[in-house]
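Right, one structure below, let's go through it.
What follows draws every value from the coordinates through simple rules; no lab data is involved. Keep in mind that this is a model prediction, so the values were computed, not measured. Virtual Cβ from ideal backbone geometry, glycine too; neighbours counted across all protein chains shown.
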Amino acid sequence: MSDLLGLTAATQAELIASGEVSGAEVFEFWRGRAAEDDLGAYLWVEEETPADPGRLPPVAVKDLFCVEGVPSSAGSRILEGYLPVYTATSVRNLQEAGAAVLGKTNQDEFAMGSSNENSGFGPVQNPWDRGRVPGGSSGGSAAAVAAGTAPWAIGTDTGGSIRQPASLCGIVGLKPTYGAVSRYGMIAFASSLDQCGPLTRDVTDAALMLRALEGRDPCDSTSLGLPEAVTLPSAERLDGLRFGAWGLAEEGLDPGVAEVCRRTLDRIEELGGGVQEIELPSAGHGISAYYVVAPAEASANLARYDGVRYGYRSPHYDDLLGMYENTRAEGFGEEVKRRIMIGTYALSSGYYEAYYGTAQKVRSKIAQDFAAAFEQVDFVVTPTSPTVAFELGERTADPLAMYLSDYFTVPMPLAGIPAVSIPCGLSEGLPVGFQIAGPAFSESRILDAAYALERTIGFEGVPVP
Amino acid sequence: MIDRDQVLHVARLSRLRLTDEELERMPGELSKILDHVEKMDELDLEGIEPTTHVVELQNVLREDVPRPSLPRERALAGAPDVADGGFRVPSPGGS
């Protein structure tokens, strides 16, 4: 049964379909693996094997997805012990496709962070080097898949929270087009950016999971689904496809990471693809725009945590205002408070136009940059993260340095377009991620290109015990 | 730049009680972030329409079909303080 450890989710699904193993055996195996997690990747692990575990291996679910009757805290003390009364549509779609919930994974509090160090329930260690961060905010999901304590996982990406941890842990992470997957039941961070997507061992698994996740949902009026069914990737060559490389000359990009990415560009050419440098003149301002838009939306979304309807209530108060202020002061972590402050400031009278109005125009400029790029090329490719996994504690004292971890991943959600990160090699013995972005709803084409590259790169995951 | 008084004002708007240590730290920390944010002013944004949402959707309508809503006891199950079938809160005017 330990053979399952080395298999992709798609291969395990084939074994279940052919009757070689039962869904219950597969679930039981992964439940055992998840229960042995010692990286801090899980906040909760299912104890019972479901009566009918289904045709797919079980899935690890980021804590911020509501699952009925299962602790769902979004990594925050203010929601400790909260038991949702309904299940997120994305999770329900996976369950209906045959993937049961294996456990809830650790994350930065309310998905605010790039290292998982902002979790209210402790950090997560990177399985490649336990002294380093797994990335964030979907750090638990990425670490679990990389360490073989989950066959696959879901996370959310607002400014890079799927792709950056996937990059730092040496796995595949896909942020779909905004609207491809329902946000219903995702504990909200920044509603115009948040999107659910897969973190998987390989590209085929990402496609298989996206097929189950996507779809229009009457409970999320901004959801559209994908216009065409997701095809499983099969490309062996990249003939005729044009790749626009962005960001390889950016200051702040680690030279080791740049070199591995350049080698990946060579591989694209070996497979018949064309590579050219492209300009995205406004994308470098993505972090600036993001740190207005996301905190502004967060400050509104997080107003609901007031100690009245659910979650934590401070015992220290004299009146209603004091109850609100102390509940939020004691329940939220440092980074969440910082973002609520930035967002409230940016939306406050007299500053709204200068910050929020300007940031929304920058979003338009970035979307125009991508639209112009996609007239010349089929895909925009970049390093996913400017560095490999950094040390625990290395950036916690400098919020801005932490924010810049998302330099290459922030422009895509601002423009609403999909992007995948695939592992493309090692630098200093740690994984480097390569990002492929395409126009809205081009997921199948992106995954096809990623698949061809994945085959030629032949990346070997972390050796798991 | 954001000074100590503005931090206090924004904290009040945000319903956050800050500790002395936070009040000491936040003006500098937030100013540094806002300085970076303000670099977006370098872009020429003349005539650019703001993006409020990336999906072009308007008036997503559905049939108005009655269906059961969440039972009261389940809605109240996670609340810190419940009385008489409702959420109980301290008096707005003090005890």
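Summing Lys, Arg as +1 and Asp, Glu as -1, what charge do residues with Cβ under 15 Å from the Cβ of residue B:79 carry, residue B:79 excluded? Don't skip to the answer; put the middle values down first.
Working: positive: A:304, A:309, A:313, B:72, B:74, B:88; negative: A:80, A:306, B:73, B:81, B:84.
Net charge in that neighbourhood comes out at +1.
If I take R0 = 41 Å and measure r between the Cβ atoms of residue B:32 and residue A:455 in this structure, what FRET efficiency does the formula 1/(1 + (r/R0)^6) give, to the nearest 0.05? Each step should come with its number before you reach the end.
Details: r = 44 Å, r/R0 = 1.08.
After rounding, the FRET efficiency stands at 0.40.
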Peptides ranked, highest mean first, by Cβ atoms within 10 Å: ranges A:390-398, A:277-285
A:277-285, A:390-398
Counting other C-beta atoms within 10 Å, which of A:158, A:456, A:89, A:409 has the fewest, and how do the rest follow?
A:456, A:89, A:158, A:409
Rounded to the nearest 5, what % of the DSSP beta bridges within chain A are antiparallel ones?
70
With +1 on the Cβ of every Lys and Arg and -1 on the Cβ of every Asp and Glu, the dipole magnitude of chain B about its Cα centre, in debye rounded to the nearest 20, is 860
Simple spin-label model, 7 Å along Cα-to-Cβ: residue A:55 to residue A:375 in nm?
4.5
So the FRET efficiency between residue A:304 and residue A:242, C-beta based with R0 = 60 Å and rounded to 0.05, is 0.85
Fewest to most neighbouring Cβ within 10 Å: what's the order for A:288, B:31, A:314?
B:31, A:314, A:288
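Could you tell me the calculated FRET efficiency between residue B:25 and residue A:330, based on Cβ-Cβ distance and R0 = 22 angstrom, to the nearest 0.05?
Details: r = 17 Å, r/R0 = 0.79.
Working from the Cβ atoms, E equals 0.80.
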Once the principal axes of the Cα atoms of the protein assembly as shown are found, what is the range along each, listed largest first in whole angstroms?
72, 59, 52
Let me have the 222 nm mean residue ellipticity of chain B computed from DSSP H runs of 4+ only, each contributing -39500 (n - 2.57), with the sum over all residues rounded to the nearest 500.
-10500 deg cm²/dmol
Taking amide H positions as placed in the peptide plane 1.01 Å from N, state which residues far from residue A:273 in sequence (5 or more) or on other chains have amide H under 5 Å from it.
A:238
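I'd like the mean, over residues of A:362-375, of how many other protein chain beta carbons sit within 10 Å of each residue's own Cβ. Kindly include the intermediate steps, with their values, before the conclusion.
Working: counts 7, 7, 7, 6, 2, 2, 2, 0, 0, 0, 0, 0, 0, 0.
Whole-number average of other-chain Cβ neighbours for A:362-375 is 2.
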Over 23 Å between alpha carbons, listed pairs A:62/B:39; A:361/B:39; A:104/A:175; A:175/A:365; A:337/A:365
A:62/B:39; A:337/A:365
Computed label-point distance, nm, for sites residue A:254 and residue A:354 using a 7 Å Cα→Cβ extension
3.7
Would you be so kind as to identify which of A:354, A:123, A:27 lies farthest towards the positive end of the dipole of chain A, taking Lys and Arg as +1 and Asp and Glu as -1 on Cβ and the Cα centre as origin?
A:354
Which one, A:268, A:317, A:408, projects farthest toward the positive side of the charge dipole computed for chain A from Cβ point charges (K/R +1, D/E -1)?
A:317
Residues whose placed amide H lies under 5 Å from that of residue A:43, excluding near-sequence neighbours
A:104, A:105, A:106
Given Cβ point charges of +1 (Lys, Arg) and -1 (Asp, Glu) and nothing else, what value in debye, to the nearest 20, does the dipole of region A:283-360 about its Cα centre take?
200
The residues A:369, A:319, sorted from fewest to most surrounding Cβ atoms within 10 Å, come out as A:319, A:369
Could you compute the longest span of chain B free of trypsin sites (Lys or Arg not before Pro) located in DSSP loops and having at most 13 other Cβ atoms within 10 Å, not counting the site residues?
B:1-61
Paramagnetic reach from residue A:85 in region A:273-305 [backbone N under 19 Å; point 7 Å along Cα→Cβ]
A:304-305
Loop-located GluC sites (Glu not before Pro) in region B:19-95, at most 12 other Cβ atoms within 10 Å (DSSP):
B:46, B:56, B:63
Might you report the magnitude of the Cβ-based charge dipole of region A:91-183 about its Cα centre, with Lys and Arg at +1 and Asp and Glu at -1, to the nearest 20 debye?
120
Among B:11, B:93, B:61, whose Cα sits farthest toward the positive end of the charge dipole of chain B (+1 at Cβ of Lys/Arg, -1 at Cβ of Asp/Glu, about the Cα centre)?
B:93
